[in-house]
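In what follows, a single structure is set out as structure tokens and then discussed.
The values are calculated or read from the model by the stated rules, or taken from the named source; none is laboratory data. Everything quoted here is computed from the prediction, not taken from an experiment. Cβ coordinates were reconstructed from backbone atoms using ideal geometry, including for glycine residues, and neighbour counts include every protein chain displayed.
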Amino acid sequence: MERIFESEDKLKAFISENVITTMEAAEILGCSRRNIDKLVQKGKLIPVKQTLRDKLFLKNDILDRIEK
């Protein structure tokens, strides 16, 4: 695997600052988790990772929705 980050700490800092959960996305957008799920189903939001319990999003993707 190619190393993009100089260290594991820098990778962790990037993830901490730039990756958010469904609940955090809903708080930023002022909507419900269900609304976020609908946006994902319609292809308007694309999670970077999805598990059975949650989805992870890039914070910039969520902030871009505010501007639209």
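Some observations on this one:
- Identity of the residue in region 1-14, of a type in the set (A, V, I, L, M) and assigned to a loop (DSSP other than H, G, I, E, B), that ends up nearest to I66 (Cα to Cα): I4
- When S7 is tested against (1) surrounded by 11 or more Cβ atoms within 10 Å (Cβ to Cβ); (2) at pLDDT below 95, exactly one condition is not met: (1).
- Members of region 15-26 found to be closer than 17 Å to E67 by Cβ and either more than 15 Å from the chain's Cα centre (by Cα) or without any contact (Cβ under 8 Å) to a residue 40 or more places away in the chain (or both), listed by number: A25
- First in region 37-49 and closer than 13 Å to A25 by Cβ, second anywhere and part of a loop (DSSP other than H, G, I, E, B) and among the aliphatic types (A, V, I, L, M), Cβ under 6 Å, 6 or more apart: L39/L45
- In region 15-68, residue surrounded by the most Cβ atoms within 10 Å (Cβ to Cβ) [restricted to those that are assigned to a helix (DSSP H, G or I) and touching a Lys or Arg at 6+ places or on another chain (Cβ under 7 Å)]: T22
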